1. Condition (residue is on the phi > 0 side of the Ramachandran plot and modelled with pLDDT of 95 or more) applied to segment 44-65: is it met by at least one residue?
2. If we keep just the residues of segment 86-107 that are of a type in the set (Asp, Glu) and within 16 Å of the chain's Cα centre (by Cα), which is surrounded by the most Cβ atoms within 10 Å (Cβ to Cβ)?
3. From the list Ile29, Ile11, Ile60, exactly one residue is under 21 Å from Glu92 (Cα atoms) and surrounded by 19 or more Cβ atoms within 10 Å (Cβ to Cβ). Which is it?
4. If you check Val42 against the conditions, is it touching a helix residue (DSSP H, G or I) at 6+ places or on another chain (Cβ under 9 Å), part of a loop (DSSP other than H, G, I, E, B) and surrounded by 12 or more Cβ atoms within 10 Å (Cβ to Cβ)?
5. Is it fair to say Arg37 is surrounded by fewer than 19 Cβ atoms within 10 Å (Cβ to Cβ), assigned to a helix (DSSP H, G or I) and among the basic types (Lys, Arg)?
6. So Ala24 ticks every box in (1) of a type outside the set (Asp, Glu); (2) buried (at least 18 other Cβ atoms within 10 Å of the Cβ); (3) in a helix (DSSP H, G or I) but one. Which box is left unticked?
7. Condition (residue is part of a helix (DSSP H, G or I), at pLDDT 90 or above, among the small types (Gly, Ala, Ser) and touching a helix residue (DSSP H, G or I) at 6+ places or on another chain (Cβ under 9 Å)) applied to segment 81-98: is it met by at least one residue?
8. Please specify each residue of segment 55-80 satisfying the condition of being hydroxyl-bearing (Ser, Thr, Tyr) and in a loop (DSSP other than H, G, I, E, B).
Amino acid sequence: MAMPAETYPLIYAAVARVPKGRVATYGQIARMAGMPRHARLVGYALHALAEDNYLPWYRIINARGQISERTDGSAAARAQRRLLEREGIRFEADGTIDLQRYRWQPE
């Protein structure tokens, strides 16, 4: 497999496809980018984005239907939730997103 940074454009292209009001998991994006079982690499790629990027990075969540906590203690998780809620995504009382309802299924 190519070096991680060389794979980022493939990941970003997959993220760009996720439509408004839907979410995808890190693993789903990895598979779409041709890198099955490399969900963590998707997280690294999204973390490397510039703050003024155009990608809907906030639509990518973990396989449990949750926003992944950031190790740096940033406010990104709160911002991510606000952005998702603005698109009509509702969170359960436990903070999860119903993947049956909101997961994007590309055709």
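The values are calculated or read from the model by the stated rules, or taken from the named source; none is laboratory data. What you see is a predicted model; the values in this text were computed from it and never measured. Quick reminder, even Gly has a Cβ in these numbers, built from the backbone with ideal geometry, and neighbours come from all protein chains shown.
1. The initial filter retains those residues of segment 44-65 that are on the phi > 0 side of the Ramachandran plot, namely 65.
Still in the list and also modelled with pLDDT of 95 or more: 65.
Yes: one or more hits.
2. Glu87
3. That would be Ile60, the only listed residue that is under 21 Å from Glu92 (Cα atoms) and surrounded by 19 or more Cβ atoms within 10 Å (Cβ to Cβ).
4. no
5. So Arg37 fails the test.
6. Looking at each condition in turn, Ala24 falls short on (3).
7. Within segment 81-98, not a single residue is part of a helix (DSSP H, G or I), at pLDDT 90 or above, among the small types (Gly, Ala, Ser) and touching a helix residue (DSSP H, G or I) at 6+ places or on another chain (Cβ under 9 Å).
8. Hits for segment 55-80 are Ser68, Thr71, Ser74.
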